Amino acid sequence: MSLPLTDRAIMVTGAAGHLGSAVTALLAMQGAHLVAADRTAPRLDRIVDALADPSRHLRAGGVDFLDPRACVALAEEAVNRFGRVDGLVSTVGTFAMASLEAADADHWDLLYRVNVITTLNLCRAVVPVMRGAGRGSIVTIGAAAAARAGKSSAAYAAAKSAVLRLTESLADEFKGEGIRANCVLPGTIDTPSNRAAMPKADPSRWASPEEVAEVIAFLLSDAAAGITGAAVPVTGRG
C-alpha cells in the first residue's frame, strides 16, 4: 500500500524551523521526495540527516527567500533533481509584537517582507513549473491573527492577512490549471521560544508543530483534491 505522498516532489522552505522541521519529518514518512530549504545550513543538515533515507531528498541551505532570483534557482534545482515540483509548503516567516506607538515603519516593513514577500517569491517560482505539469498544491502559513488581530499585533496580523489574501487569489487564478492553494492559520504553536516568551501560559492548549504538519500534509495530498482557496484554522485547544 502506497503512502499518501509517495514519490511526490515537495519543497519545504523554512525547513530548519520548528514547524518546517515537523513538516519535513512527516512528509518524508509519507513517502515524499523533499526539497528542504532554509537560510541556514547546519541545522538543516542535522534535520535532513535524521530522516530515514537522506539521499532521497535535496537540501538547500543559505537560500535568501527575499531574493526572487534565489527562489527561481531553487525551483530549477528541484526540477533538475526530481523533474517537477508537486507541492510547496512555505513556512518562512517571523513574529514580533509592538504597540501602535512602538511599531514604526521598520517594524511594519520587516513583518511584511519576511512573511509576505518570501511567500510571493516562492509561489512565483514554482507556479510556472506546476502549470507545465498541469498540477500542484501550495500551502502557505498564515495565522489565527489574520482573521482577528489582538493588541500590539497590527503589523503581524496585517502581514499574515496579506498571505491569506495572496493564497486566495492564487487559488482563484489557477484553479482551472490543476493548481491548488490553501492557507493554514495556526494559533500559538507549542515551541520552546513560545514557552519562553509566555511562561505563565498553558502550552497544553496550544497546537503542536506535528498537529499543524498533519493538516499541511492532508492539504498536499489527493485526499484534499477538492479543496482550494481555503483558510484552515489550527488553534489547538486554546
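Every number here is computed from the coordinates shown, using simple stated rules; none is lab data. Just so we're clear, the structure is a prediction, and the values are computed from it rather than from any experiment. Cβ atoms come from the backbone with ideal geometry, glycine included; neighbour counts cover every protein chain shown.
Taking the helices alone, the chain has a mean residue ellipticity at 222 nm of -13000 deg cm²/dmol, built from -39,500 (n - 2.57) per DSSP H run of at least 4 residues and averaged over all its residues. Summary of the geometry: the range 12-76 and the range 169-214, compared by the centres of their Cα atoms, lie 18 Å apart.
In plain terms, the residue of Ile216, Ile179 with the fewest other Cβ atoms within 10 Å comes first and the most crowded comes last, giving Ile179, Ile216. Straight-line cross-link partners of Lys151 among the lysines, defined as a Cα under 25 Å from its Cα and at least 8 positions apart when in the same chain: Lys160, Lys200.
Put a dot 7 Å past the Cα of Ala230, heading toward its Cβ, do the same for Glu210, and the two dots end up 2.3 nm apart.
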